[in-house]
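Read-outs throughout are calculated quantities, based only on the coordinates presented, and are distinct from any laboratory measurement. Everything numeric here is computed off the predicted structure, so don't read it as measured data. Because the Cβ atoms are built from the backbone with ideal geometry, glycine has one as well, and the counts that use them run over all protein chains shown.
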Amino acid sequence: MLKITTMISYLLIVTNITLFANEEAKEMIKEAECMSCHNKEDFKPTPKKNFTKLHTSVQACQLANDAGWFDDETLDVSRYLNKIYYKYEEKN
Ligand code: HEC
């Protein structure tokens, strides 16, 4: 019984962290005005690209536009874009 309760709590915590990271990424994209240049159609997977390349693009764009994101925040945004749009296999 205790085990099940522990497992459920764990699942809830993990789900919450994931949801929080998503919300955070959405908010960051809004604040950095990423969508002033992009639309959803820009975020399409291509055979020559992968998660690492996507992450490099996100990093380049956040630097070029002075978003001032920390590395872990940039990674959160890359993961978010990947989860919603690209669906590359994530290695890091
Ligand atoms: C001033 C315009 C501009 C802004 C603002 C901008 N980008 Fe970009 N972004 C570009 C251009 C130009 C490219 C290169 C397009 C190409 O690959 O040909 C690009 C490429 C990308 C790509 C790669 C697209 C792909 O799949 O090849 C991603 C992801 C991306 N940007 C994310 C972001 C994020 C996140 C932000 C907000 C920090 C942002 N961009 C803000 C202009 C912009």
Go through 35-42, 62-69 and give me the packing order, highest mean Cβ count within 10 Å leading.
-> 62-69, 35-42
For the chain, whose charge dipole is built from +1 on Lys and Arg Cβ atoms and -1 on Asp and Glu Cβ atoms, the candidate among Thr46, Phe70, Thr15 with its Cα farthest towards the positive end is Thr46
Magnitude of the Cβ-charge dipole of the range 2-86, K/R +1 and D/E -1, about the Cα centre, nearest 20 debye?
-> 600
Note the angle between two axes, namely the Cα long axis of helix 2-31 and the longest principal axis of the Cα atoms of the chain, as a number of degrees from 0 to 90, rounded to the nearest 10.
-> 20
Which net charge results for the neighbourhood of Lys87, defined as the other residues with beta-carbon distances under 13 angstrom from its beta-carbon, given Lys and Arg at +1 and Asp and Glu at -1?
-> +2
Which angle between 0 and 90 degrees, to the nearest 10, do you get for helix 71-81 versus the longest principal axis of the chain when only C-alpha atoms count?
-> 90
